[in-house]
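Working notes for the structure below.
The values are calculated or read from the model by the stated rules, or taken from the named source; none is laboratory data. Everything quoted here is computed from the prediction, not taken from an experiment. Reconstructed Cβ throughout: ideal geometry from the backbone, glycine too, with neighbour counts over all protein chains shown.
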Amino acid sequence: MKKIAIIGRPNVGKSSLFNRLIKKRDAITSEQAGTTRDVKRKTTVILNKEAQLLDTGGLDKGCELFDKIKEMSLKAAYAADIILYMVDGKGLPEEEDKKLFYQLQAMGKDMALVVNKIDNDKMKEKLWDYYEFGTDAIFGISVAHNRNTVELLEWVASKIPDSDIIKEEDEEQDILVTEPEILDDEEFFSNTHQEDEDGFTYWDEDEMDGVVEDDTIFGNNDRIKEFDEEDINHIKIAIIGRTNVGKSSLLNALLGEERSVVSSVAGTTIDPIDETVVYNDKQLTFVDTAGLRRRGKILGIEKYALMRTKEMLENANMALIVLDASEPFLDLDEKIAGLVDSNRLSSIIVLNKWDISKREEHDKIITEVRDRFKFLAYAPIITLSAQTHLRVDKLHDMILEINENYSQRIPTSRVNEVIEKALRRHTLPSVSGQVIRIYYATQYETRPPKIAIIMNKPSGLHFTYRRYLANKMREAFNFTGTPLLFKAKKRGEK
């Protein structure tokens, strides 16, 4: 598959063109220089030919962050087969653009000069100034107004071999590129540890409360979910944490290459960056998310990152909750972990920067994590260093094991064996003189595992007994790393 890199200086419209070509508002766009920092990769179709599109950060220089963005962008251009070098047509040609254009042109790749922001016919005259770049492959377009893009698409398609032609079905309508909704962290961190729209309440081994609402899951309306082998073999893993805990470094260490820009500047990552690797016949898609911080410290474009992180968590199966082991833990760490809990994700707590932490206080640090994150008591803890790659290799196997736990379906007979033994050991207490009975239980969904308890009076099941049942289920089956959800209802209830 051919790789197409969109290259250029900041604020010329690279991300807007990227969104237009993939027909989706994927890359964050704004007037702020340096909005795109990492290289985003998406598979798209250019006039019925499949290709991989790369959106790169602006080729600027100055501070440490911009230098690393430029380095990463040029690396993407060198690896690409086709280069679209974008400039801002509202101004005169820049000497720095010419220098970079000639530098890339010398590689002998298929390369076009894309002059953006030619918003009307009168502005077409400006194109003559750009012929001094010494190329005939010049295209004056307006991404914002979707003007004169057909010729560019035809040129790109001509550089993609016919072997990459695919049959397009239900081709999507073109869309306008607009900014995403802004969500501050007060809204972002609200509504955690609550029941979802179906009435599910999460029970763990240390904290169980709430009454489970009813839903129809049996009889003619049986909703037991069957295994989807293809889905189980694809694990979507969110790397989440506050700023500067080492999320991007961890992504790079997991991939074995420098995929995400790493710098000492807080808030380096803005757009979630995803990358898929194959490990033991499983697809692992890692997503490096923007670091989260308190509302008063959010700067400019970071507001957009909050919304993107929320959307990403809704689509993930697992979360790596990254904590900085070299610093005291903060309340914000707990709020971020609460997002993982509220999205019912399997999870691993990653204590990063272990190489510079006080290792002699290992037991004390682990105890503090368990005390602070009681609602994630099921999540295993791993100590590592993304910088030195200490124990990073162990994460891949942990991910596969937890995914099996998250995806497992326990036979109904086995579930009822555990429930019956639990009832014999400790009978259900009566409520107002009424005997409370559990008729049977069954697991009806996976990812995460959801178990229905059928009884004569669901509201009479005290939260302490639910905790007891959950503990017995965890003793009998391996639910390490995964939440365990329960639902109580009457038999035959509609």
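Just name the residue that is farthest from the chain's Cα centre (by Cα) out of those in the stretch 108-167 that are of a type in the set (Asp, Glu) and within 18 Å of Ile6 (Cβ to Cβ). Among those residues, the one meeting the criterion is Glu151.
Of all positions in the stretch 54-62, at least one carries a residue that is at pLDDT 90 or above and within 30 Å of Leu251 (Cα to Cα). Is at least one residue of the stretch 470-482 in contact with an Asp or Glu (Cβ under 7 Å, 6 or more places away or on another chain) and among the aliphatic types (A, V, I, L, M)? Checked the stretch 470-482: at least one residue is in contact with an Asp or Glu (Cβ under 7 Å, 6 or more places away or on another chain) and among the aliphatic types (A, V, I, L, M). The number of residues in the stretch 454-489 being out of contact with any helix residue (DSSP H, G or I) (no Cβ under 6 Å at 6 or more places or on another chain) and either under 20 Å from Ser432 (Cβ atoms) or of a type in the set (Asp, Glu) (or both) comes to 13. From the list Leu113, Leu84, Leu104, Leu92, which residue is part of a helix (DSSP H, G or I) and either surrounded by fewer than 22 Cβ atoms within 10 Å (Cβ to Cβ) or among the aliphatic types (A, V, I, L, M) (or both)? When all the criteria are applied, what remains is Leu104.
Within the group Ile382, Ile402, Ile436, which residue is β-branched (Val, Ile, Thr) and surrounded by 20 or more Cβ atoms within 10 Å (Cβ to Cβ)? Selected residue: Ile402, the only one of Ile382, Ile402, Ile436 that is β-branched (Val, Ile, Thr) and surrounded by 20 or more Cβ atoms within 10 Å (Cβ to Cβ). Residues in the stretch 377-407 that are polar (S, T, N, Q), over 24 Å from Gly338 (Cβ atoms) and either assigned to a helix (DSSP H, G or I) or under 23 Å from the mean Cα position of the chain (by Cα) (or both): Ser385, Gln387. For Leu92, the test of being over 36 Å from the mean Cα position of the chain (by Cα) and in contact (Cβ under 8 Å) with a residue 24 or more places away in the chain is passed. Among residues of the stretch 458-489 being modelled with pLDDT of 90 or more and of a type in the set (D, E, K, R), the one that is farthest from Ile381 (Cα to Cα) is Lys472.
Taken residue by residue, the stretch 435-456 has no member that is under 30 Å from Lys282 (Cα atoms), outside any strand (DSSP E or B) and of a type in the set (A, V, I, L, M).
Taken over the stretch 127-153, the criterion of being over 19 Å from Asp97 (Cα atoms) and part of a helix (DSSP H, G or I) is satisfied by Val150, Glu151, Leu152, Leu153. Comparison of Lys68, Lys42, Lys24, Lys75 shows that the only residue that is under 28 Å from Phe286 (Cβ atoms), modelled with pLDDT under 90, assigned by TED's automatic domain parsing to the domain that holds Ile141 and in a strand (DSSP E or B) is Lys42. Is it the case that the stretch 336-351 has a residue that's of a type in the set (S, T, N, Q), assigned by TED's automatic domain parsing to the domain that holds Leu284 and more than 29 Å from Lys450 (Cβ to Cβ)? No: zero hits.
Does the stretch 472-492 contain at least one residue that is in a helix (DSSP H, G or I), of a type outside the set (A, V, I, L, M, F, W, C) and under 20 Å from Ser346 (Cβ atoms)? Yes, the stretch 472-492 contains a residue that is in a helix (DSSP H, G or I), of a type outside the set (A, V, I, L, M, F, W, C) and under 20 Å from Ser346 (Cβ atoms).
Screening Lys490 on (1) touching a residue at least 60 places away in the same chain (Cβ under 8 Å); (2) surrounded by fewer than 20 Cβ atoms within 10 Å (Cβ to Cβ); (3) closer than 26 Å to Ile232 by Cβ shows it passes everything except condition (3).
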